[in-house]
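Each remark here refers to the structure printed beneath this line.
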Amino acid sequence: MPLNRRKFLKKSAATGAGVAVAGAAASPAAEAAEVTKPGHPVKRYSLTVMGTTDLHGHVFNWDYFKDAEYADKAGNAMGLARISTLVEQVRKEKGHCNTLLLDAGDTIQGTPLAYYYAKVDPITAKGGPVHPMAQAMNAIGYDAAALGNHEFNYGIETLRKFEDQLDFPLLGANAVDAKTLKPAFPPYFMKTFHVPGAKPVKVAVLGLTNPGIAIWDKAYVQGKLAFPGLEEQAAKWVPKLRSMGADVVVVSAHSGSSGTSSYGDQVPYVENAAANVARQVPGIDAILVGHAHLEIPELKVVNEQTGRTVVLSEPLCYAERLTLFDIELVFAKGRWEVESVSASLRNSNSVADDPKITKLLTDEHRKVVAYVNQVVGRATQTLTTVEARYQDAPIIDLITKVQEDVVKAALAGTAYASLPVIAQASPFSRTSEIPAGDVTIRDLSSLYVYDNTLVAKLLTGAQVRAYLEYSAEYYVQTAAGAPVDVEKLTNAGGRPDYNYDYVSGLSYDIDIAQPAGSRIKNLTFGGAPLDDDRQFVLAVNNYRANGGGAFPYVANAKELWSESTEIRTRIAEWVTAKGVLDPKDFASVDWKLVREGKPVF
């Protein structure tokens, strides 16, 4: 099917592309309220827009990596089964006919449940299953969802199949056909709310996704789809929606509000652009924010052209929170006008799972639990990531060893076979553990939580040195002799753990007493100082290879090889083949933290 012709993409000469849905007649409780003023009554209407984001495959309050109910120190609960209960509460409070339910993207990647139905029992197979996320969201009654960048992780075929299984549209005004630049997904959704005794209220929802998709999933989208900036596409579509009679315009944006980007100059667009959209584009009433995995109950941004306040809200990821935008409208001069918008959050830990969702998806859940508990090997000792952020941990060496072996095998017999292979890996989790004894798929999955694949890039010694310097910016500068608090030592400038890289096959010190850019000391290869002109093959995940994290040189480096098998799967294959997981087969001390030459630990 052509990229720009989908079941929810209704076209007309007047509107271009989008989705228009007529709402049901409002219940008696939804009748426009009349507030009597001297000389004339004023009609009012209350609308509630609910929103989730970054669900990442979470249906139940279950941690597949721990094989137990999810629990954290804050007492959070997660999953669409909880969201379903919250949504039904709101619908009863506000009147079902006065509500909309939206999502801001990143739906089909992130848990073993999501992986299972993309790769193990794929929805794309002939006669394949309906994705659990589609089943749950359809049952809950979502009205629309924006595309997230992780929607593209399994390729366009899987995404399109998921889209076909939904009873609501996936929106992406800035996801366009690379050749025609026409919308490849519905840009908007419009719903009419019938208000007895008054003119109907028309609500438009504009969907925007992340331009970083062009980098992060380049292998799938290059030459097929393009992703212009959120600001420019909002400026194009919001006036159209207003001209079509929208009384309320809500944006569902898979983009954070900070105005920052993690991809450097790889694309000329801002990654976290939601607040920019609010400031720069007139005519928006509210923005459901996603992508950043932050909790923002209510953020007010003033539009630079109109002076009107735009209300933003980001519910916490994994279905831990539900955003409510309460929108008050008043009928004046023959049309509805937004009088006020307020936002708040509801917490999933305050309710129980909806039995409807539990009954619907128990079988799928049990299949995945059985899958992740398969034993693939035996560990001679416990391996953990608890100290992996600041000490060279064998558990991360396992990742780099697997990557080295896979790339060496792939390049055998090629012109690059004689080059040394080094590898990068990040401490994704602070709590991952492979216990001594039986090793299961879930143990290994908890170590590598992303569905990244492997790429081989050609770098020089000088480029590797710059790569390491950039990575070492992760540490907070700490003077020699000053006390070291490991909880405050890392994440300098807000850099996340997944943007700190080990590099195997080399030996180096990181002097945290030095300023960023001057920290890599005693960098050697094979026992000798690193030759800046020597060539290396870097075994690197596709996120980093495509510019994720803005590490220097790697995105533009020559690509020697790549594959579509997940690194997580390669780790499981390696352990299965070995049978025994023994650190002597993969562990090495490649780096350490120092201050003026003295080890920190």
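Give me the Å³ per residue figure for the convex hull around the C-alpha atoms of the stretch 323-479.
In the stretch 323-479, the Cα convex hull volume per residue is 333 Å³.
Give me the dipole magnitude in Debye, nearest 20, for the chain about the Cα centre, with unit charges on the beta carbon: positive for Lys and Arg, negative for Asp and Glu.
Its charge dipole is roughly 1780 debye.
Can you give the FRET efficiency for D265 and T524, using 1/(1 + (r/R0)^6), R0 = 56 Å, r = Cβ-Cβ distance, to the nearest 0.05?
0.95
What residue among A278, N522, G597 has its Cα farthest toward the positive end of the dipole of the chain, where the charges are +1 on Lys, Arg and -1 on Asp, Glu, each on the Cβ?
Farthest towards the positive pole: A278.
What's the angle, to the nearest 10 degrees (0 to 90), between helix 567-578's Cα axis and the longest principal axis of the chain?
Between helix and principal axis, roughly 40 degrees.
Strictly over 30 Å apart at the Cα level, which of K401/K592; K66/K356; K218/K367; K94/K161; K126/K578; K401/K598 would you flag in this model?
In this structure, K218/K367; K94/K161; K126/K578 lie more than 30 Å apart at Cα.
Taking the Cβ-Cβ separation of Q305 and S344 as r and a Förster radius of 30 Å, what is the calculated FRET efficiency to the nearest 0.05?
0.65
Starting from the Cα of K73, draw a straight line to each of the lysines and keep only those under 27 Å, dropping any in the same chain fewer than 8 residues away.
K488
Go through 141-154, 449-462 and give me the packing order, highest mean Cβ count within 10 Å leading.
For the peptides 141-154, 449-462, the packing ranking is 141-154, 449-462.
In percent, what relative contact order does the chain have, based on Cα pairs under 8 Å that are 6 or more apart in sequence?
14 percent
How many percent of DSSP beta bridges within the chain run antiparallel, rounded to 5? Present the calculation step by step, with values, prior to reporting the outcome.
Numbers: 69 of 105 bridges.
Once the DSSP bridges in the chain are tallied, antiparallel ones form about 65 percent.
Just want the answer: with Cβ charges of +1 for Lys and Arg and -1 for Asp and Glu, which residue in S350, V195, T99 is farthest toward the dipole's positive end in the chain?
Of the options given, the answer is V195.
Out of these labelled values of percent of Cα pairs over 31 Å apart, [x] 57; [y] 50; [z] 53, which was calculated from the coordinates shown here?
Only one option fits the structure, namely [z].
Between A125 and A68, take the C-beta separation as r, use R0 = 45 Å, and let me know the FRET efficiency to the nearest 0.05.
Efficiency for this residue pair is about 0.90.
If the reach is capped at under 27 angstrom between alpha carbons, list the lysines near K240, excluding any in the same chain fewer than eight residues apart.
K7, K10, K11, K43, K179, K182, K191, K199, K202, K224, K300, K333
Going by average Cβ density within 10 Å per residue, which order do the peptides 472-483, 218-229, 495-506 take, highest to lowest?
495-506, 218-229, 472-483
Under 13 Å from the Cβ of A235, count the other residues' Cβ atoms, weight Lys and Arg +1, Asp and Glu -1, and hand me the total.
+1
Any idea which of L170, V464, T478 is furthest toward the positive side of the dipole for the chain, if Lys and Arg beta-carbons carry +1 and Asp and Glu beta-carbons -1?
It is L170.
What order, most packed first, do the peptides 536-547, 235-246, 519-530, 400-411 have when packing is the mean number of other Cβ atoms within 10 Å of each residue?
536-547, 400-411, 235-246, 519-530
Rounded, prolate or oblate: pick one for the stretch 160-207, where a ≥ b ≥ c are the square roots of the eigenvalues of its C-alpha gyration tensor, a/c under 1.5 means rounded, and failing that, prolate if a/b is larger than b/c, else oblate.
Oblate, since a/c reaches 1.5 and b/c is not below a/b.
Give me the Å³ per residue figure for the convex hull around the C-alpha atoms of the stretch 247-381.
Numbers: hull volume 28.3 nm³, N = 135.
Dividing the Cα hull volume of the stretch 247-381 by its residues yields 209 Å³.
With +1 on each Lys and Arg Cβ and -1 on each Asp and Glu Cβ, how big is the dipole of the stretch 433-536 about its Cα centre, in debye rounded to the nearest 20?
Its charge dipole is roughly 220 debye.
Normalized C-alpha radius of gyration of the stretch 371-456, against 2.2 N^0.38 Å? Could you put the intermediate results ahead of the total?
On the way: Rg = 14.4 Å, N = 86, 2.2 N^0.38 = 12.0 Å.
Dividing the Cα radius of gyration by 2.2 N^0.38 Å gives 1.21.
Measuring from centroid to centroid over Cα atoms, what is the spacing of the stretch 393-462 and the stretch 134-175 in Å?
If you average the Cα positions of each part, the centres end up 31 Å apart.
Over the Cα atoms of the stretch 248-320, what is the Rg over Rh ratio if Rh follows Kirkwood?
Expressed as Rg/Rh, it is 0.98.
Quick check on the stretch 387-530: take the gyration tensor over C-alpha atoms, sort the square-rooted eigenvalues as a ≥ b ≥ c, and tell me if it's rounded (a/c under 1.5), prolate or oblate.
oblate
Where nothing but the Cβ of Lys and Arg (+1) and of Asp and Glu (-1) is charged, how large is the charge dipole of the stretch 315-452 around its Cα centre, in debye to the nearest 20?
I would put it at about 200 debye.
What would the Debye equation give as log₁₀ I(q)/I(0) for the stretch 116-262 at q = 0.11, 0.13, 0.16 Å⁻¹, counting only Cα atoms as equal point scatterers?
Treating every Cα as an identical point scatterer, log10 I(q)/I(0) equals -0.47, -0.65, -0.93.
Please report how far the C-alpha centroid of the stretch 272-337 lies from that of the stretch 61-83, rounded to the nearest whole angstrom.
If we compute the Cα centre of each part, the gap is 28 Å.
What is the list of residues in the stretch 181-209 whose amide nitrogen lies under 19 Å from a point 7 angstrom out from the Cα of A332, following Cα to Cβ?
Within reach of a label on A332, which here means backbone N under 19 Å from a point 7 Å along Cα→Cβ, the stretch 181-209 contributes 198-202.
A short reminder: the numbers here are calculations on the coordinates, not readings from a lab. None of these values were measured; they are calculated from a predicted model. In this analysis, Cβ positions are derived from the backbone assuming ideal geometry, glycine residues included, and neighbour counts consider all displayed protein chains.
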